[in-house]
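**Q** The structure is given below, and queries will be raised subsequently.
Values quoted throughout were computed directly from the atomic coordinates according to the rules given, and no laboratory measurement underlies them. Note that the coordinates shown come from a computational prediction; the quantities given were computed from them, not determined experimentally. Here the Cβ positions follow ideal geometry from the backbone for every residue, glycine too, while neighbour counts run over all protein chains shown.
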Amino acid sequence: MFKILLTGANGFVGSHIAETLVEANHKVICTIRQTSNLKWIKNLQLEYKYGDLCNKKFLQEIVEDIDIVIHCAGIVRAMTKENYFKENVENTKNICKAILKNNTNLKKFVFISSQAAMGVLPVGIIKKVTDVPEPISDYGLSKIEAEKALIEVLYGKVPYTIFRPASVYGPRDKDIFMFFNLIHKHLRPVTIKKKFLQLVYVKDVAKSVLLCLENKKTDNNVYYLANPSVYTWEDIGKIISYSVGVKSLPLLVPDLAFKAMGFIMEIISKLTGKPVVLNKQKIAEILQDFWVADTFPAKTELNIKFTNLEVGSQITYNWYLKNNWF
């Protein structure tokens, strides 16, 4: 049993990681803000440390006497590039510095990055971790810079493992829920030009974290996490529809419609002063033709079998249904 510090435990991915760690009988300490919503983790056996990751003194205190740090906290939406870098890069760098100051015996630092950090390649060229990252969004850029910061601080001193999940779906997710909601209404979005992408079921991300904790093969390595299958939007819609037993009709969505939506959402964001899910940069990521990475190292070195979309979508859809999200 490890004593594990987990940041971002109350979020979508973080809550599933917390759940998986508790089920494996690890002692889990979570960093939590006073204003945090704990609805997904309130019934788990967790210890809470209330504070802000921007507070260096707080960071130094919470990393003491810890075996593993899993850094899942971060922001996926922000108003400015500076906000992304403050939350995703600076906080990561400061946690790593706190570890070197107060806990050099840490067994491992696990960082949840994103496939957005890799950027894209031409159709048919699968991105490997050894390829030069070329992110196309401020979010993706902040994630790759966070990776660089932690490597710079920890390399040769504390072992680390970096995970870059593809688009994550599963119970509690609010973003890809929009796709499931359309299926529930008997519509499946289809792009005019085929766009290829990967997905990863949230429990597989959590399982990967668990499997890396005592796996020396994963020390100081980076992994893409995704079901190896490559899908088009049409594939995803058909598979979900068939898996959940809902008949659906194709809803043709031209690229121009996405761009218009991104433009409108940016105006709404400026008027409300709040970040939105689908800004212009997110739309640019969605509209890429080929967003595919090499997941073979994760599959072999972690010995993980990724959940297929047929199973994962059925579990996810039924969870939405049971919890009255539709």
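**Q** From the C-alpha coordinates alone, can you work out the Kirkwood hydrodynamic radius of region 187-326, in Å?
**A** 17.4
**Q** Could you work out how far helix 255-272 tilts from the main Cα principal axis of the chain, as a 0 to 90 degree angle to the nearest 10?
**A** Between helix and principal axis, roughly 50 degrees.
**Q** If exposed GluC sites (Glu not before Pro) are those in a DSSP loop with at most 15 other Cβ within 10 Å, what is the longest stretch of the chain that has none?
**A** Result for the longest clean stretch: 65-213.
**Q** Here's another thing I want to ask about it. Which FRET efficiency value, to the nearest 0.05, is calculated for SER36 and ASP65 with the Förster distance at 25 angstrom and r the Cβ-Cβ distance?
**A** 0.60
**Q** Put a dot 7 Å past each Cα toward the Cβ at ASN55 and ILE125; how far apart are the dots in nm?
**A** With each label placed 7 Å out from Cα toward Cβ, I get 4.7 nm.
**Q** Which links in LYS185/LYS274; LYS127/LYS282; LYS3/LYS49; LYS174/LYS322; LYS42/LYS185 stretch past 22 Å when you go from one Cα to the other?
**A** Listed pairs above 22 Å: LYS185/LYS274; LYS42/LYS185.
**Q** List the aspartates and glutamates whose alpha-carbon lies under 18 Å from that of LYS27, not counting same-chain residues fewer than 8 positions away?
**A** GLU19, GLU47, GLU61, GLU64, ASP65, ASP67, GLU214
**Q** Pairs of Cα atoms under 8 Å, at least six residues apart: use those to get the relative contact order of region 229-299, whole percent. Provide the component values of the computation, followed by the final result.
**A** On the way: 25 pairs, mean separation 17.3, N = 71.
This gives 24 percent for region 229-299.
**Q** Another one. Can you tell me the length gained on complete extension of the stretch LEU252 to ASN181, counting 0.36 nm per residue apart and subtracting the Cα distance?
**A** Stretched fully, the LEU252-ASN181 segment lengthens by 24.0 nm.
**Q** Then there's this: Return a whole-number percent for the relative contact order of the chain, with Cα pairs under 8 Å and 6 or more residues apart as the contact set.
**A** Computed value for the chain: 18 percent relative contact order.
**Q** Only helical DSSP H runs with n ≥ 4 go in: add -39500 (n - 2.57) per run for the chain, normalise by residue count and round the 222 nm mean residue ellipticity to 500 deg cm²/dmol.
**A** Numbers: 12 runs with 128 residues, N = 326.
The helix contribution divided over the chain gives -12000 deg cm²/dmol.
**Q** Express in whole angstrom the spacing between the alpha-carbon centres of region 87-164 and region 255-326.
**A** 21
**Q** Tell me which chymotrypsin sites (Phe, Trp or Tyr not before Pro) from region 143-177 have a DSSP coil assignment and no more than 12 other beta carbons within 10 Å of their own.
**A** Filter output for region 143-177: TYR155.
**Q** How much length is gained if the chain between ASN102 and GLU310 is pulled fully straight, taking 0.36 nm per residue apart and subtracting their Cα-Cα distance, in nm to one decimal?
**A** Values: separation 208, 0.36 × 208 = 74.88 nm, distance 4.56 nm.
Once the chain is fully extended between ASN102 and GLU310, it gains 70.3 nm.
**Q** Also, I was wondering about something else. Taking 8 Å as the Cα distance limit and 6 or more residues as the minimum spacing, I'd like the relative contact order of region 20-144 as a percentage.
**A** Relative contact order of region 20-144: 22 percent.
**Q** Could I ask something else about it? Do any trypsin sites (Lys or Arg not before Pro) in region 225-326 lie in a loop, going by DSSP, with at most 16 other beta-carbon atoms within 10 Å of their beta carbon, and if so which?
**A** Answer in residue order: LYS247, LYS305.
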